[in-house]
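The values are calculated or read from the model by the stated rules, or taken from the named source; none is laboratory data. Only a predicted model underlies this, so the values are computations on that prediction, with no experimental measurement involved. Quick reminder, even Gly has a Cβ in these numbers, built from the backbone with ideal geometry, and neighbours come from all protein chains shown.
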Amino acid sequence: MEKPERTDDAVKILHNRYVKDDAQRRASVEAERVNAEVARMIYDLRTDAGLTQGELADRIGTTQSVISRLEDSDYEGHSLSMLKRIADALNQKMTVVMTARAPEAGAARPSRPPACEGRTKRRSKSS
């Protein structure tokens, strides 16, 4: 039996100890990563624009406490409509990207998600 590679990288040690091959834990870590990334993006864009939370809130018609929640990495309620309002107020273009995950070891992946079965791709006609 092969010994695992030794490391002094704390993140790798914690990942190997608590997440490793547990799909549910990996999904939880990914969800938290996304929440933290969105919160940090809102904070960075707001501070780069030189705005306080209250000033951004005024621009999008909400309260300072809502902006504070949105900038909290533990917040899980980011909505696309609120993110769009923030992007507009900060003169940003919002883009949503979905990329394929790496297949899990031994798991077969369908060529199309079940929700897409029977659907055809529609292309809009350009004028």
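Taking residues in the stretch 67-87 that are in contact (Cβ under 8 Å) with a residue 40 or more places away in the chain, and partners anywhere that are part of a helix (DSSP H, G or I) and small (Gly, Ala, Ser), the pairs with Cβ atoms closer than 7 Å and at least 6 places apart or on different chains are SER73/ALA36; SER73/ALA39; TYR75/ALA39.
Applying the criterion of being modelled with pLDDT of 80 or more, among the aliphatic types (A, V, I, L, M) and in a helix (DSSP H, G or I) to the residues of the stretch 28-50, the residue that is farthest from ALA87 (Cα to Cα) is ALA31.
For the stretch 14-25, the count of residues that are assigned to a helix (DSSP H, G or I), touching an Asp or Glu at 6+ places or on another chain (Cβ under 7 Å) and without any contact (Cβ under 8 Å) to a residue 40 or more places away in the chain is zero. The condition (being surrounded by fewer than 10 Cβ atoms within 10 Å (Cβ to Cβ), at pLDDT below 85 and either under 14 Å from the mean Cα position of the chain (by Cα) or closer than 30 Å to ILE60 by Cβ (or both)) is satisfied by just one residue among SER79, SER111, SER124: SER124.
The sole residue among ARG85, ARG25 that is in contact with a helix residue (DSSP H, G or I) (Cβ under 9 Å, 6 or more places away or on another chain), modelled with pLDDT of 90 or more and of a type in the set (Lys, Arg) is ARG85. Of all residues in the stretch 38-91, those being over 29 Å from SER28 (Cα atoms) and of a type outside the set (D, E, K, R) number 14. In the stretch 64-72, the count of residues that are assigned to a helix (DSSP H, G or I) and of a type in the set (D, E, K, R) is one or more.
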